[in-house]
Each structure stands twice: as structure tokens, then as C-alpha cells.
1. From the convex hull of the Cα coordinates of the chain, what is the mean projected area in square nanometres?
2. Quote the accessible area belonging to Thr35 in square angstrom, nearest 10, computed with a 1.4 Å probe and with ligands, DNA and RNA left uncounted.
3. So, in nm, how far is label Ser181 from label Phe148 when the simple model puts each one 7 Å beyond its Cα toward the Cβ?
4. Quick check: from the Cα gyration tensor, does segment 144-265 come out rounded (a/c under 1.5), prolate or oblate?
5. What is the local net charge at Ser234, summed over the other residues whose Cβ is closer than 14 Å to its Cβ (Lys, Arg +1; Asp, Glu -1)?
6. With the other protein chains left in place, how much accessible area per residue, in square angstrom, belongs to segment 124-243 at a 1.4 angstrom probe?
7. Once you place label points 7 Å from the Cα toward the Cβ at Ala52 and Thr172, how far apart are they in nm?
8. Which loop-located GluC sites (Glu not before Pro) does segment 67-159 contain, where loop means any DSSP state but H, G, I, E or B and the Cβ has at most 10 other Cβ atoms within 10 Å?
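The values are calculated or read from the model by the stated rules, or taken from the named source; none is laboratory data. Keep in mind the model is a prediction, meaning the values are calculated, not measured. Here the Cβ positions follow ideal geometry from the backbone for every residue, glycine too, while neighbour counts run over all protein chains shown. Ligands, DNA and RNA are excluded from the accessible area calculation, which covers all protein heavy atoms including side chains. Shrake-Rupley method; radii C 1.70, N 1.55, O 1.52, S 1.80 Å.
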Amino acid sequence: AVVSTQSTGMQEVEGHAFDESLSHMLPEYQGNLRTVVKGRSKVGCCILYKRALYEELNYETIELPKQYDSVGDLADLGERMRDQFPKFMVDIAVRPILSQIIVLKSTATGRIIVVGNTHLFWDPKYSRITFLHAHGLCTRLERTRRRFEGARVVLCGDMNSRKTSLVHSYLTRGFVDSDGSELEDFFATEVRNPLSLNLARGEPNFTNYTATFKDVIDYVLCDSESKVVAVTPSPELSDLEQSEGCPSEIFPSDHLPIIADIDFT
């Protein structure tokens, strides 16, 4: 089935694919793509929205580690962590994850929606870094939301984080529990999500399904004031099992789409 969304967040979009294909295939959409060099390609995040339905009020990209620099939104937290955990903060700085934030105004209702899109670091060995990247993004989303009275928030992305991860707990509960280490004790007491978010899609069976990995690592979340009206069902396991994994003839990506109908009124 073909689903016509009002706005879409995409990750791992190749620059040439966007320029040569997507922008021509979807003429009714405005697209904002931000790429980084990955191997021989430029790959990044992309936000699309329907021109007829939304006016773009603001757009920015954020290099998440810089949120903890002396001029970042989290400068104070970054300074305290550099004093207590200097090696850890060096690891954060060498993994520059980019995210996008776009502010859209509905031409029908005037409602303003702040949309964040990201692709967090993949390696579970660095899940604590991924967690702080998520905090940096949510902090900037909240800062942006405050600039627009009555604005709602949507956050989507390939979080590369399972349901048991620090990122999942942070996004859905607003805080994390400690594993007993000094670093996670600090996280548990000092780091809180400034946004109140709900999973717009709930918990699907899978969002990533390959021959070697099958789990939920992608999410769409919205602020707690917004109402989820409908969601797309998870694919049937029998369809996924027709091949060793995705991509396949039925599913053209190794990640499965998450689609939600959200009421912002």
C-alpha cells in the first residue's frame, strides 16, 4: 500500500539519491537534507513535508556533541562531566552525530509543530554516548519549542537503541536508572528529559529485520499533549520470513517504516 504522509523523517539518505530521485519523485514535498561523509558517499538525515499543508518557520542542523561545549545548550553539564569523566567526554567529541530540527506551521489550523529527526550512533558499546546525544537533541527541541507559543513536538529517528537501553528509558520515562557505576549514577541524578514524550507508534514487533539482527531500534514520539489517532500495523512475520531478512522484494529497506496519525489540535 502507498501511504501519503504530511511529513516524513528519513535516515541514511544518500545525497545523490535525494538529488536524482526523491526530489523528483515527490514534487509536492519540500525536503531538507543534511549529509556527512560515510565511506565514499554522503549520507544523512532528511525531513520532507507537504508544501501545501505547512509553512516552514525555521530549520537547523545540530552537531550533538557540541551541545556540551562551552557555548552549547548543555555547557554547564558538559563542564562538570569533563571534570569528573574526562576520557568519556573525549569519546563523545570524536563521534559527531548530526540531527535536524524543523519548525512547521499548519496552513489549515495555524498549529506549530517542532519536528526533530536523527540517526544516533550504532555501536552498543557506546550506548552511554548515544544517550547523551539523545539528551542534547531533546534539550534543543525543548529550547526551540519555547520560542513558539503552543508548539507541539515530534521526534523521530533511527535511535539504534533497544527497549532495554538508556536511550529508550530516557525518551519514554524521562530519566534512567543506574547500573551502579559512577558514570551512570551521575546520569541517574543529573540528567532529565526536558520533554514529556509518548511513543506515537507504541512498540512494534520489529523496526529492523535482517539475517543477523531483528529488533526495535527506530521510534516516533510525540509530546504528551498530542493524541495518536491511528498507526500502521506491524508487518506480518510470515511476510518477513519469506526471505532471510530485509531488504527484500516486499520490504525495500532493512528498516521498516513507522507511520502514525497524530492529532495536534
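1. Numbers: hull surface 58.6 nm².
Projected over every direction and averaged, the Cα hull of the chain covers 14.6 nm².
2. Accessible area of Thr35: about 40 Å².
3. 3.7
4. Details: a/c = 2.92, a/b = 1.33, b/c = 2.19.
Oblate, since a/c reaches 1.5 and b/c is not below a/b.
5. Details: positive: Arg201, Lys214; negative: Glu203, Asp215, Asp218, Glu236, Asp239, Glu241.
Around Ser234, the charge tally is -4.
6. On the way: 5590 Å² over 120 residues.
Value for segment 124-243: 47 Å² per residue.
7. Each label point lies 7 Å from its Cα, and together they span 3.7 nm.
8. Numbers: sites: Glu79, Glu142, Glu149; in loops: Glu149.
Here the sparse-neighbourhood loop sites are Glu149.
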